[in-house]
Amino acid sequence: MLKVRNLTRHFGGLTAVCNVNLDVEDTCIFGILGPNGAGKTTLFNLLSGIFPCSAGEIYFNGQQVHGHAAHRIARLGIGRTFQIVRPFSELTVMQNVLAAIGAKLGESLPVLLGEYDRIPYTDAARALLELTGLGEHENEIAKNLPLGMLRRLEIARALGLEPQLLLLDESFSGLSHLEVEAQVELVRRLRSQGTGILLIEHNMQVAMNLCERIAVLDHGEKIAEGSPAEIAGNQQVIEAYLGRDYDA
């Protein structure tokens, strides 16, 4: 589904991502791990078109997407969430998801909320809210939701674009144990329904239990890739997280 070749991003004299190669299969749960400052979110920003790449290539379903604007990449089928949740805070939960559905249709937000607040679109939004466990909160104002619900709202909003590949940037961060368990089940359900998942996660236990394949970044470079068991026993990964003096 996703092929990345020699992806690189420079910020002045800093290289945030350096010659990264990835192959993400259809409906796979693929994890991106690494210590703080490893380049993980920059990688997501390159994949989703927020930053242009300095070098390298990105292909999605065989189609070149490097150099495309973010909105075009989203319409091609790559959705994402963000590490810091930013809903349309004054809109309701339902309206937040309707906004995503309208973006898929190419409509502006005012037009969407004026013309697309109709049964076919509200039904589609309501189905996404049920899927993400927000069905009982559709009329609540987004800014009043606790963090766990906001993270689910971000996923529901991303799903409004009907993505084939969903990029989750620390969607488990700040959640309670029960919220993490519910989020894990949601991600697995999305995969079972045909959505590929590429996720950034700092919770090693979550990543090891959830991901089928993992790549590890350190200082912008991919230092390892493999199954969770292979990554857990990789000495270079252990050193990246715990320091070179750590004895495995």
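When each of the peptides 209-216, 22-29 is scored by how many other beta carbons lie within 10 Å of its residues on average, the order from highest to lowest is 209-216, 22-29.
Under a 5 Å amide H cut-off, with hydrogens placed 1.01 Å from N, V17 pairs with R9 among residues at least 5 apart or on other chains. Spin-label pair T92-N36: with each label point 7 Å from Cα along the Cα-Cβ axis, the two points sit 4.0 nm from one another. The H on the amide N of R80, modeled in the peptide plane, is under 5 Å from the matching H of L167, each at least 5 residues off or on a different chain. Could you tally the net charge around N61, taking each other residue with its Cβ under 10 Å from the Cβ of N61, Lys/Arg +1 and Asp/Glu -1? My count for the surroundings of N61 gives 0. Using the Karplus relation 6.51 cos²θ - 1.76 cosθ + 1.60 with θ = phi - 60°, the per-residue 3J(HN,Hα) values for the range 94-101 come to 4, 5, 4, 6, 4, 4, 5, 4 Hz, with x marking Gly and Pro. Given the choices (1) 27; (2) 33; (3) 44, percent of Cα pairs over 30 Å apart derived from the coordinates of this structure is entry (1). Between A229 and Y59, the distance separating the two model label sites (each 7 Å from Cα on the Cα→Cβ line) works out to 3.1 nm.
With R₀ fixed at 25 Å, the C-beta to C-beta distance from A69 to Y241 puts the FRET efficiency at about 0.10. Peptides 121-134, 5-18, ordered by how many other C-beta atoms sit within 10 Å of their residues on average, highest first, read 121-134, 5-18. Considering only beta bridges that DSSP places wholly inside the chain, some 55 percent are antiparallel.
A short reminder: the numbers here are calculations on the coordinates, not readings from a lab. This one's a predicted model, so the numbers in the text were calculated from it and none came from an experiment. Every residue, glycine as well, gets a Cβ built from its backbone with ideal geometry; the counts of neighbours run over all protein chains shown.
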